[in-house]
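The values are calculated or read from the model by the stated rules, or taken from the named source; none is laboratory data. Small disclaimer: the values here were computed from a predicted structure and weren't measured. With ideal geometry, Cβ positions are generated from the backbone for all residues, glycine too; neighbour counts draw on all protein chains shown.
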Amino acid sequence: MSVAQSSLGSRLSLEGLFKRLGPGVITGAADDDPSGIATYSQAGAQGGFNLLWTVVLTWPLMVAVQSISARIGRVTGRGLAGNMVLVFPRAVVSVLVLLLFIANTINLGADLAAMGAAAKLMIGIGSPHLYTVAFAVFSLLAVVFIPYHRYVGLLKWFTFSLLAYIGVVFTVKIDWHAVVVGAFVPKFELSGDSLTLVVAIFGTTISPYLFFWQSSQEVEDEEADPDAGPLIDRPEQANRELNRIGWETWIGMAISNSIAFFIMLTTAVTLHAAGKTDIQTAEQAAEALKPIAGNAAFFLFSLGLIGTGLLAIPVLAGSVAYAVAEARGWRTGLERPLAEARPFYVVIAIAIVVGIAVDFSPLDPIKALIWSAVLNGVIVVPIMVAMMIMASRRKIMGDFTASRWQVVLGWAATAVMAAAAIAMFVLM
């Protein structure tokens, strides 16, 4: 084989691999949104190495719940909300969808506000509110008029700026023994503030919108393939598809949590070490990148915040639209033109418009991001309970109910999230 043929074969194999990376990897990328960046930064600044264990603990738990949500969509050919109406009373489903709408619009609004503040930080002139509205309008037009796969194909390159957090750890002196202890020995103060931050970390990592998103994306991918079908009708495809969901979800969540780990580690060895333990503004959060970027730290931080925000907005607004539309029996799909799914796109528009209102609240964008993560950490509990019940119902899943490891880790994740939320409320 010639060198040219070998090179071509490698390139084609790499292209084939990337084409196979589906909803699991995209979901992992969307999880490190501005809310995640702000929350992990605050955790590192406030707790140093002491909260590194949270992202280590949440990785297998996150894989379990995300693979369960994907499994439900691929097996049944319906998203989470579409299955919920078959198991629970419509009033219960309406409450769960309403909780998702509240959490997502606040999260979306906080992301938009942070993106506006980042643009002001990067450009240096203009009003952050103006940038926020501009990002909202651009995102809405892009979601409605650009097929989602093309939109994501462009935006994913902006998220590479997050790799700078990995680079920082090679430019400063680090006590790696303390890092290992912080990563594997749970340690935190039994106080309201400390537990609020833990809930925020859990909530921005294991977020309800990601469940609805990955499940519905599995349905869209299945509908786009003329040779595919719901596994309950096409059991011969089960081994291949369930294996694919498994490995790509492990990869996607590993990428997501690795970035989260290094964001927390970076702010611990820069901001916390310098005595800056409470991040109030985007400028303070950006200072963590100074060891590697110098005066360009603000630009690099802003680029990451804006890029991940633009990637997350369709996921946040889209997951709400999927939930509402599936519960109502409407046609869904970000790949569909406006004329084919008008109510679906109307819900997206409403979510974005309502989210803009967060930008005009008195809460600083960074604080708004953290509190949106806390809200996700509380609201996710009943949604996880509903999802775990559905995944075990043979009436819904047929022979493809959740596997034993998914059941064990899924319920463990639910218990961890519930315990953290309850403890936070008690100590507050």
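Each row is one residue, and each column tells you yes or no for (1) modelled with pLDDT of 90 or more; (2) out of contact with any strand residue (DSSP E or B) (no Cβ under 9 Å at 6 or more places or on another chain); (3) more than 23 Å from residue 105 (Cβ to Cβ); (4) of a type in the set (Phe, Trp, Tyr).
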| position | (1), (2), (3), (4) |
| --- | --- |
| 279 | yes, yes, yes, no |
| 287 | yes, yes, yes, no |
| 334 | no, yes, no, no |
| 355 | yes, yes, no, no |
Scan of segment 152-170 for residues that are surrounded by fewer than 18 Cβ atoms within 10 Å (Cβ to Cβ), modelled with pLDDT of 75 or more, in a helix (DSSP H, G or I) and among the aromatic types (Phe, Trp, Tyr), ordered by number: 160
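Mind checking which residues of segment 207-228 are of a type outside the set (A, V, I, L, M, F, W, C) and either in a helix (DSSP H, G or I) or on the phi > 0 side of the Ramachandran plot (or both)?
208, 209, 214, 215, 216, 217, 218, 220, 221, 222, 223
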If we ask which residues in segment 393-415 are buried (at least 16 other Cβ atoms within 10 Å of the Cβ) and either of a type in the set (Gly, Ala, Ser) or in a helix (DSSP H, G or I) (or both), their number turns out to be 12
Among the residues of segment 274-332, which ones are closer than 29 Å to residue 47 by Cβ, outside any helix (DSSP H, G or I) and of a type in the set (S, T, N, Q)? 277, 280, 281
Which pairs do you get when a residue that is over 22 Å from residue 368 (Cα atoms) and in contact (Cβ under 8 Å) with a residue 40 or more places away in the chain, found in segment 285-308, comes within reach of a residue that is assigned to a helix (DSSP H, G or I) and of a type outside the set (A, V, I, L, M, F, W, C), reach meaning Cβ atoms under 7 angstrom, with the pair 6+ apart or on two chains? 291/270; 292/167
Starting from segment 101-114, keep only residues that are more than 14 Å from residue 212 (Cβ to Cβ) and without any contact (Cβ under 8 Å) to a residue 24 or more places away in the chain, then list their pairs with residues that are crowded, with 24+ Cβ neighbours inside 10 Å and among the small types (Gly, Ala, Ser) whose Cβ atoms are within a distance under 7 Å, requiring at least 6 positions of separation or different chains. none
Can you tell me which of (1) farther than 25 Å from residue 161 by Cα; (2) among the β-branched types (Val, Ile, Thr); (3) surrounded by 24 or more Cβ atoms within 10 Å (Cβ to Cβ) is the one residue 201 doesn't meet? (1)
Which of the residues belonging to segment 63-100 are outside any helix (DSSP H, G or I) and either touching a Lys or Arg at 6+ places or on another chain (Cβ under 8 Å) or of a type in the set (D, E, K, R) (or both)? 78
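Return yes or no: is residue 346 hydrophobic (A, V, I, L, M, F, W, C), surrounded by 24 or more Cβ atoms within 10 Å (Cβ to Cβ) and assigned to a helix (DSSP H, G or I)?
no
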Within segment 333-342, the residues that are out of contact with any Lys or Arg (no Cβ under 7 Å at 6 or more places or on another chain) and assigned to a helix (DSSP H, G or I) are 338, 339, 342
